[in-house]
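Below: the structure, in structure tokens.
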Amino acid sequence: TAQAAAGTATRTGLGQKLVLIEPHNFRMGASRNEPGRRANENEHEVLMRQKFYLSEREVTNAEYLRFRPQHTSGISGNRSLDVASHPVVNVAWADAARFMNWLSRKDGLPPYYTEKGGTMVAEDPKGTGYRLPTDAEWEKAARGTDGSLHPWGNNPPDGTLCNFRNNEARTTPVGHYAPKGDSPYGCADMAGNVWEW
């Protein structure tokens, strides 16, 4: 499988599977003529030196509610986004970092972030606690070892990855777009469902 080729996997105390991603140099961003390119997506070479683990799936509402029971993902149209198996949404970056610290403490790891005046900062960039992936790490996991434009390869999406094709004005269960939205490493929903921190 893609996971076995990339390395080993482990699990968090919530049961989330973590996939090991080995460092490789790759081209990050988008060329000027790539459709959908944003102004801040300049193509450049990235030298990755350290391996890292990334969750196989997005954090679900059920998992996040163990950290913050009062959280609500809200509604879209007339449909609730608070389905247990769907990804949690309406979470600010600082709250996602607080969730990482909570999960680190739960699993006996030192928290990666420190809160200073309401701002979450990384005290030790080489810390072993859970943290959010960098832009480069997330893109590496999505593109794989061959630097594909999309998790499934270089062809444009065929419309099955977006909620709009199925007229779904809401989230879907994590892993819903597998295997087409999966990264070559086995991380699900790298394309489709929700945007991620």
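The values are calculated or read from the model by the stated rules, or taken from the named source; none is laboratory data. This one's a predicted model, so the numbers in the text were calculated from it and none came from an experiment. Using ideal geometry, Cβ is built from the backbone for each residue, glycine included, and neighbour counts are taken over all protein chains shown. In case anyone asks, the SASA skips ligands and DNA or RNA and just uses the protein heavy atoms, side chains included. Shrake-Rupley method; radii C 1.70, N 1.55, O 1.52, S 1.80 Å.
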### Amide hydrogen neighbours beyond the local backbone of Val59, cut-off 5 Å, H modeled
Val88
### Query
Taking the alpha-carbon centroid of each part, what is the distance from the range 41-70 to the range 101-146 in angstrom?
8 Å
### Signed unit charges on C-beta, dipole axis of the range 4-66, positive-most listed residue Tyr64, Ala30, Leu54
Tyr64
### Message
From the C-alpha coordinates alone, can you work out the Kirkwood hydrodynamic radius of the range 27-67, in Å?
### Response
13.7 Å
## Note on the structure
Karplus-derived 3J(HN,Hα) from phi for the range 104-116 (6.51 cos²θ - 1.76 cosθ + 1.60, θ = phi - 60°), whole Hz, x at Gly and Pro, runs 4, 4, 4, 9, x, 9, x, x, 7, 9, 10, 8, 10
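Ignoring ligands, DNA and RNA, how do Lys140, Lys116, Lys106 rank by accessible area with a 1.4 Å probe, largest first? It would help to have the intermediate numbers written out before the result.
On the way: Lys140 0, Lys116 115, Lys106 90 Å².
So, going from the largest accessible area down, we get Lys116, Lys106, Lys140.
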### Summary
Of Leu65, Leu14, ordered by accessible area with the largest first and a 1.4 Å probe, the sequence is Leu65, Leu14
### Query
Whole-Hz Karplus ³J(HN,Hα) for the range 63-77, in order, using 6.51 cos²θ - 1.76 cosθ + 1.60 and θ = phi - 60°, x for Gly and Pro?
5, 5, 5, 5, 7, 10, x, 8, 5, 10, 7, x, 10, 10, x
### Query
Regarding the range 1-126, what whole-number volume in Å³ per residue does the convex hull of its Cα atoms give?
188 Å³
### Query
Arg98 accessible area, nearest 10 Å², 1.4 Å probe?
50 Å²
### Query
Ranked from the most accessible area to the least, with a 1.4 Å probe and all protein chains present, what is the order of His44, His71?
His44, His71
### Message
Can you give me the long-range amide H partners of Phe26? Hydrogens built in the peptide plane at 1.01 Å from N, cutoff under 5 Å, separation of 5 or more residues or another chain.
### Response
Val46, Met48
